[in-house]
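Take a look at the structure below.
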Amino acid sequence: MPLINADALTLNAREAETVSEVIFERVFNESNLAEYHEIETGIDVKTQIAFAERLGLLGKETQGCTPNEAGGFALTEKFWTPVMEDFRLKHCQADMPALLKLFRKSQRVNPDFFDMVGTQELGVIISAVETSLLENIHRKIWFNDKAAATVANNGVFKNGTDLGYFNSFDGLFKQIFAEVPTTEPNYVAIAKNAGSSYAAQALDPDTALSIFEKMVTKADERLVSADDAFILATRSLADNYRATLRNSNLGSGFLEVVEEGRPKLYFDGIEVKVRYDWDRYIKEYQNNGTKYHLPHRAVLTTKSNIPVGTLSEEDLTKLDVFYDKTLRTNIMDAAYTLDAKHLERYMTVAAY
């Protein structure tokens with residue numbers, strides 16, 4: 001399959017003359033992974049993560065010569081279980097229409113006509129592919145599910161979804177739903193998620209304010225006191241909260257400000273990071289044609305509690321690009337190891 005299909009372009013009008021003039025469709029999230037997650041590198045095989053519980057009460061009044069004994073630490077464990085994923089994109093210059101001006105015109109056929117590596121034209125395409133790779137990494141980290149199934153098979157993924165893009169490892173939502181179920185004290189219910197239609201799932205005014213308030217109230221003291229605590233929320237919740245802010249005077253800890261050209265939301269001094277990409281993935285892939293699967297979601301946690309594991313962080317953002325003389329083809333390869341972990345449940349409050 002060619003990398004670029006130019007069949008829909010008109011070649012007799014005045015055309016775009018460089019690839020840099022092509023308007024690439026925007027991705028839904030090109031944020032650096034480190035904005036949301038700590039990155040653990042060197043993870044290429046199953047690797048233990050050990051936890052030591054907090055010590056209990058210490059120190060009693062001394063009685064005689066025998067010191068009072070205290071309890072010790074109990075150790076538990078989880079494991080990084082990274083998977084290796086890859087993909088390849090190929091471009092042969094001979095596949096392009098001869099009249100198309102987007103690619104440079106070489107002065108000689110062999111090898112200049114075929115070898116595009118190092119050219120501005122291919123560089124623009126490489127940049128677009130690398131951005132799309134990062135977007136896909138964000139999607140996998142949250143929405144992957146080893147047991148992914150379509151609606152027709154009693155799952156939540158839209159019928160026709162290629163589940164191979166979702167089932168390589170368990171993402172953070174799968175882990176959080178399992179470790180913070182509806183019976184846990186650090187769970188906050190979002191009633192509208194149970195609506196039987198798109199319209200029935202629409203949020204009532206001030207719903208997000210109430211949800212965020214419950215999340216902070218239910219949070220462990222160690223979580224709310226953490227300097228890097230944040231709330232990750234779907235756009236649906238963020239927009240609902242913004243509407244409340246416009247109509248209410250909640251004080252300095254509840255506001256939206258613009259820093260470096262980007263709006264930032266705060267609830268009681270805790271930053272609310274809007275995950276626009278979550279809404280996109282839910283609408284596109286977790287949609288049964290009548291309603292969405294849990295369209296409103298929020299997670300109060302820290303970066304260190306939802307780390308991403310990989311052999312090399314560079315693998316997640318860079319391509320291996322080379323020209324194959326035998327095939328006369330420009331090749332872009334990507335291969336990486338990837339896993340995500342929800343570490344400590346007391347450092348999370350989940351609303352869904």
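The values are calculated or read from the model by the stated rules, or taken from the named source; none is laboratory data. A quick note: this is a predicted structure, and the numbers were derived from the prediction, not measured. As a convention, Cβ positions derive from the backbone with ideal geometry for all residues, glycine included, and neighbour counts pool all protein chains shown.
Below are the figures for this structure:
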read-out: Residue 226 being more than 16 Å from residue 350 (Cα to Cα), of a type in the set (A, V, I, L, M) and crowded, with 17+ Cβ neighbours inside 10 Å; value: yes
read-out: Failed condition for residue 291, given (1) modelled with pLDDT under 95; (2) touching a Gly at 6+ places or on another chain (Cβ under 7 Å); (3) not small (Gly, Ala, Ser); value: (1)
read-out: Residues (surrounded by 15 or more Cβ atoms within 10 Å (Cβ to Cβ) and of a type outside the set (D, E, K, R)) located in segment 183-209; value: 186, 187, 188, 190, 193, 195, 201, 203, 207, 208, 209
read-out: Which listed residue is on the phi > 0 side of the Ramachandran plot, in contact (Cβ under 8 Å) with a residue 24 or more places away in the chain and either among the acidic types (Asp, Glu) or touching a Phe, Trp or Tyr at 6+ places or on another chain (Cβ under 8 Å) (or both), from 220, 206; value: 206
read-out: Single residue of 238, 243 found to be under 23 Å from residue 172 (Cβ atoms), among the small types (Gly, Ala, Ser) and assigned to a helix (DSSP H, G or I); value: 238
read-out: Segment 110-123 residues that are on the phi > 0 side of the Ramachandran plot, paired with ones that are crowded, with 16+ Cβ neighbours inside 10 Å and modelled with pLDDT of 80 or more (beta carbon under 7 Å, 6 or more apart); value: none
read-out: Selected residue (only one of 303, 341 is in contact with a Pro (Cβ under 8 Å, 6 or more places away or on another chain), crowded, with 18+ Cβ neighbours inside 10 Å and charged (D, E, K, R)); value: 341
read-out: Sole residue being within 24 Å of residue 180 (Cβ to Cβ) and hydroxyl-bearing (Ser, Thr, Tyr), chosen from 248, 236; value: 236
read-out: Residues located in segment 36-92, provided they are of a type outside the set (D, E, K, R), under 27 Å from the mean Cα position of the chain (by Cα), under 20 Å from residue 333 (Cα atoms) and in a loop (DSSP other than H, G, I, E, B); value: 82
read-out: Segment 122-154, residues that are farther than 21 Å from residue 317 by Cβ and surrounded by fewer than 19 Cβ atoms within 10 Å (Cβ to Cβ); value: 146, 147, 149, 150, 151, 152, 153, 154
read-out: Qualifying position, being more than 18 Å from residue 193 (Cα to Cα), touching a Phe, Trp or Tyr at 6+ places or on another chain (Cβ under 8 Å) and not aromatic (Phe, Trp, Tyr), among 283, 341, 318; value: 341
read-out: Residues of segment 319-352 satisfying the condition of being farther than 30 Å from residue 175 by Cα, of a type in the set (A, V, I, L, M) and not in a strand (DSSP E or B); value: 327
read-out: Meets criteria (among the acidic types (Asp, Glu), under 29 Å from residue 40 (Cβ atoms), loosely packed, with under 14 Cβ neighbours inside 10 Å and in contact (Cβ under 8 Å) with a residue 40 or more places away in the chain) for residue 277; value: no
read-out: In segment 246-269, the residues that are modelled with pLDDT of 85 or more and either in a loop (DSSP other than H, G, I, E, B) or crowded, with 17+ Cβ neighbours inside 10 Å (or both); value: 265, 266, 267, 268, 269
read-out: Qualifying positions in segment 308-334 - within 17 Å of the chain's Cα centre (by Cα), modelled with pLDDT of 90 or more and among the hydroxyl-bearing types (Ser, Thr, Tyr); value: 310
read-out: Subset tally (residues that are small (Gly, Ala, Ser) and outside any loop (DSSP other than H, G, I, E, B)) for segment 281-306; value: 2
read-out: Extreme residue, modelled with the lowest pLDDT, among residues of segment 47-86 that are more than 14 Å from residue 343 (Cα to Cα) and acidic (Asp, Glu); value: 61
read-out: Residue, farthest from residue 348 (Cα to Cα), within segment 187-206, restricted to residues that are in contact with a His (Cβ under 8 Å, 6 or more places away or on another chain) and outside any loop (DSSP other than H, G, I, E, B); value: 201
